[in-house]
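Bear in mind that the values in this text are calculations on the coordinates, not laboratory data. These numbers were taken from a predicted model, which means no experiment stands behind them. Ideal geometry is used to build each Cβ from the backbone, glycine not excepted, and the neighbour counts take in all protein chains shown.
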Amino acid sequence: MASILILNGPNLNLLGTRQPEVYGHETLADIEAMCRAHSAAHGLALGFAQSNHEGALVDAIHAARGHHDGIILNAGAYTHTSIALMDAISSVQVPTIELHLSNIHAREPFRHHSYIARVALGVICGFGAHGYVLAIDALRGHLERRG
């Protein structure tokens, strides 16, 4: 059974109350439940974590090596600033998809640059909470094709 880690960065613990006009009304717990149901329906094991601390996210990426077959990373604001997360993804060589609830390319110019995208399989953004399901399906397809 393939295993995916969904890793969420800073401020995502406030989903549902933080700028719902941008990020939606679903809480992180709602998203986790949706992801667990979708993953189970497709025979995938799922890890789910959130941290507001960059080092904790780096540690989680390192720990994924040998335990998870892929990572879905919503790094939040660290997407635009963290060379450390980019290097961690490169170092563990676990296929990673970058994910954002909002369309970062339709927002402030500083959000248009991503360090994560340089080392990710792809980027999914702008589909709200449903983006997590899209990312699970994309990663599942990648893992199946890889064999």
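Which order do the peptides 98-105, 40-47 take when ranked by the mean count of other beta-carbon atoms within 10 Å per residue, highest first?
98-105, 40-47
Dipole of the range 3-146, Cα-centred, from +1 at each Lys and Arg C-beta and -1 at each Asp and Glu C-beta, to the nearest 20 debye?
Dipole of the range 3-146, to the nearest 20 debye: 240 debye.
Identify, among Phe110, Val123, Leu57, the residue whose Cα sits farthest towards the positive end of the charge dipole of the range 9-147, taking +1 on the Cβ of Lys and Arg and -1 on the Cβ of Asp and Glu, with the dipole about the Cα centre.
Checked the options; the winner is Val123.
Taking the mean number of other Cβ atoms within 10 Å as a proxy for protection, how do you rank 109-115, 33-39 from highest to lowest?
By packing density, highest mean first, the sequence is 33-39, 109-115.
Among [x] 158; [y] 94; [z] 113, only one was calculated for this model; which label is it, if the read-out is volume of the Cα convex hull per residue in Å³?
[y]
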